[in-house]
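Report on the structure given below.
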Amino acid sequence: MRYLNPKADLTFKKVFGEHPDLVASFLNALLPFDSPEERIEHVEYLPSELVPQTPLRKNSIVDVRCKDKRGRQFIVEMQMVWSSEFKQRVLFNASKAYVRQIAGGEDYELLQPVYSLNLVNDIFEPELEGYYHNYRIVHVEHSDRIIEGLHFVFVELPKFTPHTYKEKKMHVLWLRYLTEIDEKTREVPQELLDNPDIKKAVAQLEESAFTDAQLRGYEKFWDTVSVEKTLINSAERKGRAEGHAEGRAEGIKQTARRMKAKGYPLADISDVTGLTIAEIDLL
């Protein structure tokens, strides 16, 4: 049996954007609920963000958005490459979901919490040992004083190992699902298949379940992730080496040239690099 990587756009949205039971299980496992009463019983999908999607700007949209019977909203995003503005985008999306719950003049007490769960396939807190980062609005001097409403969780997937979190079995199983299965997998670990939710999620990754067109899109997704990593890394290296903006600008131009040579549409090149189509034409 051949499998696809669950972190890709195609597979992540198929697993968590088409199966309410799986996304509910995933959220219950990954969110820091303090009591059984907070658990999610059922979810209803909501429209994703209205930002136009391109493979090169995947991190500007929401992968999955849903709500439960209480009206609590949940946003789930998979971020393949860390960028400095990602936290601000997460804050923006969650805040927008929060304020859109009520119309002008309605009672603020109708507002329900918004939870933003962000899976990051990159390390963005190298100085911190843990992989699980829980953010809330708290009093600076008295952290037990909390303003309820917005909850943010960031998970650094590369830091995760099964022995680093022992308290919640499903937490570990879901993160193993995300980090241990990819195109090289031929046999899925039995302890994953022994759980009904994980077994169902694994079945969604079978390569034979996808069309040729979907598989071509899957391969292009990984190409664009590689390009974006190259863009960020080369720009950062240039900037550090030269100490000014010209280094980053040259790194961006080099990436645009490579993308142009590979036949990427000019609109996509412009989207990822920030260059205008006229500037790209001159390269």
- Task: Consider residue 158 carefully, then state whether it is loosely packed, with under 10 Cβ neighbours inside 10 Å and within 20 Å of the chain's Cα centre (by Cα).
- Result: no
- Item | Options 132, 108: the member that is of a type in the set (Ser, Thr, Tyr) and closer than 29 Å to residue 80 by Cβ | 132
- Of the numbered conditions (1) out of contact with any strand residue (DSSP E or B) (no Cβ under 6 Å at 6 or more places or on another chain); (2) at pLDDT below 90; (3) not hydroxyl-bearing (Ser, Thr, Tyr), residue 92 satisfies every one except a single condition; which is it? (2)
- Task: Just name the residue that is surrounded by the most Cβ atoms within 10 Å (Cβ to Cβ) out of those in the range 128-143 that are of a type in the set (Ser, Thr, Tyr) and outside any loop (DSSP other than H, G, I, E, B).
- Result: 132
- Message: Restricting to the range 63-98, count the residues that are in contact with a helix residue (DSSP H, G or I) (Cβ under 7 Å, 6 or more places away or on another chain), in a helix (DSSP H, G or I) and under 25 Å from residue 177 (Cβ atoms).
- Response: 1
- Message: I'm trying to understand the selection: among the residues of the range 245-262, which are over 17 Å from residue 81 (Cα atoms) and at pLDDT 80 or above?
- Response: 253, 254, 256, 257, 258, 259, 260, 261
- Report yes if some residue within the range 169-188 is part of a helix (DSSP H, G or I), in contact (Cβ under 8 Å) with a residue 40 or more places away in the chain, surrounded by fewer than 18 Cβ atoms within 10 Å (Cβ to Cβ) and not charged (D, E, K, R); otherwise report no. yes
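The values are calculated or read from the model by the stated rules, or taken from the named source; none is laboratory data. Bear in mind that the values here come from a model prediction, so they are computed numbers and not experimental data. All Cβ positions, glycine included, derive from the backbone under ideal geometry; neighbour counts span all protein chains shown.
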